[in-house]
Amino acid sequence: MTFKLKLSLFLLMLFTLNIIAQDKVKQPLLDSFTGTIAATNNGISLVPTFSLGDPAALLELKMTKGRFSFEPDMRFALEGKPWSFLFWFRYKAIKKEKFNLRVGVHPALNFRDKTLTVNNVQETFIESRRYLAGEVAPSYKLSSKTSVGMYYLYSKGFDQGLKNGHFLNANANFSNLTIVKDWFLNITALAYYLNLDAKDGFYTAEYITLKKKNFPLALQTILNHKLNSNIKSESLLWNVSLIYSF
C-alpha cells in the first residue's frame, strides 16, 4: 500500500469519526428535564380521597426521551419522614393534534409509622408497603384552552393493607384562563369512582392553579368532595400548595 493511499485512508477515517462525533453531540441523552417542588398544608394523594393529614413537601421530576418519560414522584412529611415514592414509566402511545393516549406503570412504596413492643419497650418504626400500578389516560382537545379525558388507575398491593384498587375518572381541563394581564388560572374538574377491595364510593374534585406568565411560582388548591361512599374519608378534603417549577 502506497503512502498516498495510506494517507487517504487515514484522512477518510478522521472525517468519518468527526461526523460520528458531531452526530453524538447533536443527540443529547434526554429531550427535556423538568420538575416541581411543592409545600402544602395538607399532603393529598394521587387519588384525592386520601391525605397525609399533615403539612408535606412534594418533589416531582420528569425526564423525557421521544415518547417515553420517567417521572419520579416523592412525597415527604415536613419533618423529613417519607410518605410515598412513585416511580412512573410512561409512554405516549398516541400523539395526535386532537387526540392523545398515555399509558404508564409504576412501582411504589407507601410508608407509615408502626409501633412495636421490643423487650417491654414500645418503639416506633417506619414500615414500607409495596405496590405496582398501571394507568391508561386518553384525552381529547376541544380547543387551545379546553380538553376532556378519562383516567383509569389499577393498583396491586403486595403487603398488609390494600390488595386491589381501581380509580376511574372523567375530567375536564381548562388552561390559561386569563384573569388580568399575565395572570391566569388552570382548572381541572373531575368526577370519579373509587373501589378498594370490597369498598367503593363516588366523588368529585377540583384542582385550581393560579400562575403568572414567565414566573416559576404558582399557588394551587385541591378540593375533594365525597358524594356517596362506604370508604372511610372526609366529606370535604382540601389543601393549598405553593409550587416552584424548573
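The values are calculated or read from the model by the stated rules, or taken from the named source; none is laboratory data. These numbers were taken from a predicted model, which means no experiment stands behind them. With ideal geometry, Cβ positions are generated from the backbone for all residues, glycine too; neighbour counts draw on all protein chains shown.
Quick one: would you say Gly149 is modelled with pLDDT of 95 or more and surrounded by 13 or more Cβ atoms within 10 Å (Cβ to Cβ)? Yes: the conditions hold for Gly149. Candidates in the range 228-246 are the residues that are of a type in the set (S, T, N, Q) and over 20 Å from the mean Cα position of the chain (by Cα); of these, the one that is modelled with the lowest pLDDT is Ser233. Taking the range 42-76 as the range and being of a type in the set (A, V, I, L, M) and touching a residue at least 60 places away in the same chain (Cβ under 8 Å) as the test, the residues that pass are Ile44, Leu46, Val47, Leu58.
Here's the yes/no breakdown for (1) in contact with an Asp or Glu (Cβ under 7 Å, 6 or more places away or on another chain); (2) surrounded by fewer than 16 Cβ atoms within 10 Å (Cβ to Cβ); (3) within 27 Å of Leu219 (Cβ to Cβ); (4) basic (Lys, Arg):
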| residue | (1), (2), (3), (4) |
| --- | --- |
| Leu52 | no, no, yes, no |
| Thr64 | yes, no, yes, no |
| Arg75 | no, no, yes, yes |
| Ser84 | no, no, yes, no |
| Lys96 | no, yes, no, yes |
| Phe99 | no, yes, no, no |
| Glu123 | no, yes, no, no |
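Scanning the range 211-233 for residues that are part of a loop (DSSP other than H, G, I, E, B), touching a residue at least 12 places away in the same chain (Cβ under 8 Å) and either of a type in the set (Lys, Arg) or in contact with a helix residue (DSSP H, G or I) (Cβ under 9 Å, 6 or more places away or on another chain) (or both) yields a single hit, Lys213. Every residue in the range 35-68 that is farther than 14 Å from Phe85 by Cα, under 11 Å from the mean Cα position of the chain (by Cα) and among the polar types (S, T, N, Q), please. Of everything in the range 35-68, just one residue is farther than 14 Å from Phe85 by Cα, under 11 Å from the mean Cα position of the chain (by Cα) and among the polar types (S, T, N, Q), namely Thr36. Exactly one residue out of Phe87, Phe99 is among the hydrophobic types (A, V, I, L, M, F, W, C) and touching a residue at least 40 places away in the same chain (Cβ under 8 Å), and it is Phe99.
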